[in-house]
């Protein structure tokens, strides 16, 4: 990381003044780079920042490499982000396809986010609904949910089955409904999803990947694909609402909020999107959703304590969420 490198990517002469590792980057090396301007026409006293993302030197590097997360994110910013109305960070530069390793240089959203009203669960769900509504049925990418499932299956098959079973049984109760499908050794999508979409799925839609900047901005696009809307919704409910544990009534309100936001435009694009069908799809997809916490727990043993607890709790909540959703269907 040099002055010359940063100047070339930003298109102006700058001096690198600070390099701050961000510990929340557990699937990539994430650095905040501080710099000042060299050009006389710009204020040399003003410090600016950008975010650098590159391969992480840890066990989670295996997951990022297997799913080609950084390469996929680079393609997103080059080809898809300009087509979306939803706010994303500005991408200054990405590694060339011939580079030894992938990297991205992105806008630092923290300064703007610090001045913005905080996001709520309702505003996050509105953001998700807007993404899904805008991209419903649009062939924005050849990457499909089946591609993600195939990558997941390759990961499952590469793991020690005893370690997988121990991880699952440490977090889930003995009679958990998620255990049989997850211990079967292979994940598959049922053919009878009520709402297969496709919509542009973010694939990792949770608090860490949301910013209050720009009245709601979505980042970390390394897992996107065309897929079922219930995946993103279920993933958010499983990873971003378990603390505090939501009541059944809150869960029902959040699902209704997402549905209302999907239909708010009055468009007939999603006339068949029903509450019962959406809930049934989330239940169907929860064994797949639960694999993200498992992957993190299996390959990131050195995660900070807070992170380890976060993923352990998310895995445990996947089972509780399954039970809560089944109750909603029967109420």
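Laboratory data are not the source of any read-out in this text; all were calculated from the coordinates shown. Quick caveat: nothing in here was measured; it's all calculated off a predicted structure. Backbone-built Cβ (ideal geometry, glycine too); neighbour counts: all protein chains shown.
Numbers below:
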read-out	value
Computed FRET value (nearest 0.05) for residue 256 with residue 215, which takes r as the C-beta separation and R₀ as 22 Å	0.50
Sequence-separation-based contact order of the chain, relative, with Cα cut under 8 Å and 6+ spacing, percent	17 percent
Sequence ranges 105-111, 249-255, 160-166, ranked by mean other-Cβ count within 10 angstrom, highest first	105-111, 249-255, 160-166
Per-peptide average of other Cβ atoms within 10 Å, ordering 184-194, 280-290 highest first	280-290, 184-194
Cα-based helix-to-principal-axis angle, 161-171 vs the chain, degrees rounded to 10	80 degrees
Ordering of 121-128, 69-76 by packing [mean C-beta count within 10 Å, highest first]	69-76, 121-128
Ranking of 326, 307 by count of other Cβ atoms within 10 Å, fewest first	326, 307
C-alpha long axis of helix 121-135 to longest principal axis of the chain, angle in °	90 degrees
Considering only the range 3-330, percent of DSSP beta bridges that pair antiparallel, nearest 5	95 percent
Gained length - residue 327 relative to residue 13, 0.36 nm times residue gap less alpha-carbon distance	107.0 nm
Cα centroid separation - the range 70-149 against the range 223-255, whole Å	19 Å
Value of relative contact order over the range 178-232, rounded to a whole percent, pairs C-alpha under 8 Å and six or more apart	42 percent
